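Here, each number is a calculation from the coordinates, and none is a lab measurement. Every value quoted in this text rests on a predicted model; they were computed, and no experiment measured them. So basically every Cβ, Gly included, is an ideal-geometry build from the backbone, and we count neighbours across all protein chains shown.
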Amino acid sequence: MILVTGGSGTVGSALLETLCADGHRVRAAYRAQRDVDRAVGAGRDAVRIDLGEPATLPSALQGVETVFLVGAMGPDQTRQELNLIEAAAVAGVPRVVKLSVWRADEELTPIAALHRPAELALQASGLGYTFLRPNFYMQNFTRQFAASIRTTGRFAQPRAHAPISFVDVRDIARVAAHVLTTDGHDGRVYALTGPEALTYDDAAEVLSRLLDRPVRFVGLSDSDARAAMLERGLPEYYADALIEVSRAYRNGGAETVTTTVRDLTGREPTSFEQFVRDHRAAFT
Ligand SMILES: NC(=O)c1ccc[n+]([C@@H]2O[C@H](COP(=O)([O-])OP(=O)(O)OC[C@H]3O[C@@H](n4cnc5c(N)ncnc54)[C@H](OP(=O)(O)O)[C@@H]3O)[C@@H](O)[C@H]2O)c1
């Protein structure tokens, strides 16, 4: 039995789809009762948990062999992930696969600093563990930029010209499904990327070509980018963290391309072109 946390999120929902399609025994963990009700109504095993409320965790972990741990971005993320790790140890869960972040061990960004203590706690816990460390998600384009691309033909970010090896969340889900359902991954750390590194200008060129209309990347100063994020409704904490991430990788450091997706799944990772083709409707 595999428990997938963050079941309604970008990675968790893609992973649940993959695991269920392959017929694995899965329990989906949701924070919202309506999501639990919907899943149970569809004949699935689902539980409500709040990673911030340790009392909700023991019953969700009963009979679980492996946990896929997704922490939600926010100031409480580390504490919440530690709650799950502590509960998994008490429940005698053999293994936790943790969704982490690119170069988490170097703690170059506030996001990496949120993940690293949970990685260290898992390493010290005596539980089996695997870390998935994906680079920037391609799905950030659909989640954060699509509305602006649709209405203005532009997307804005803090100014950056260094390439990034964006990875498709569907590939992260395939890797996670493989790691969760096969042996030989204990103590392993997998850095996950797409097949190439692109600058935001390169990405704009691909979008323009495939959408048959001009799409332009607008590089903003950090303070303008922060103001724009707050205007879009991002919490201050999140906006500041994203600015720090841009600063950390502004001159490089996120361009490395790994072969991990292909090595583990036997499939080539999804290119940005394919991602845009598959999500054309979101951009038009
Ligand atoms: N975006 C990137 O480019 C990127 C790259 C590498 C790594 N990451 C990492 O990916 C992780 C986020 O994954 P994601 O994008 O799949 O997440 P997401 O789409 O933001 O979804 C977060 C999930 O966590 C759930 N959640 C929130 N608070 C919770 C709580 N207190 N207890 C239990 N569940 C809770 C949410 O439930 P509700 O639906 O009820 O809110 C949702 O299912 C972060 O740790 C981030 O650092 C992101």
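For the reader, a short list of remarks on this structure follows.
- Across region 125-186, the volume of the C-alpha convex hull divided among the residues equals 129 Å³ per residue.
- Whole-number percent relative contact order across region 128-284, with pairs defined as alpha carbons under 8 Å at least 6 apart: 37 percent
- P(r) tail fraction, the chain - alpha-carbon pairs more than 22 Å apart, %: 59 percent
- Our summary gives region 1-130 a relative contact order of 21 percent, counting only alpha carbon pairs under 8 angstrom and 6 or more residues apart.
- Each Cα pair under 8 Å and six or more residues apart adds its separation to the average, and for the chain the resulting relative contact order is 18 percent.
- Compared with the direct C-alpha span, the chain from VAL90 to ASP212 gains 38.4 nm at full extension, assuming 0.36 nm per residue.
- Segment THR199..THR151, full-extension length gain: 15.1 nm, with 0.36 nm per residue of separation and the alpha-carbon distance subtracted.
- For region 1-82, pairs of C-alpha atoms spaced more than 22 angstrom apart make up 16 percent of the total.
- A straight line joining the Cα centroids of region 25-86 and region 244-284 runs 28 Å.
- Around the Cα centre of region 23-75, unit charges on the Cβ atoms of Lys, Arg, Asp and Glu (plus for the first two, minus for the last two) sum to a dipole of about 160 debye.
- Residue among ALA239, VAL189, ASN140 farthest towards the positive dipole end of the chain, charges placed on Cβ: ASN140
- Helix runs (DSSP H) in the chain reaching 15 Å along axis by Cα, Kyte-Doolittle at least -1.0: 10-21, 77-91, 110-125, 169-181, 200-211, 236-249
- Expressed to the nearest 5 percent, the antiparallel share of DSSP beta bridges inside the chain is 5 percent.
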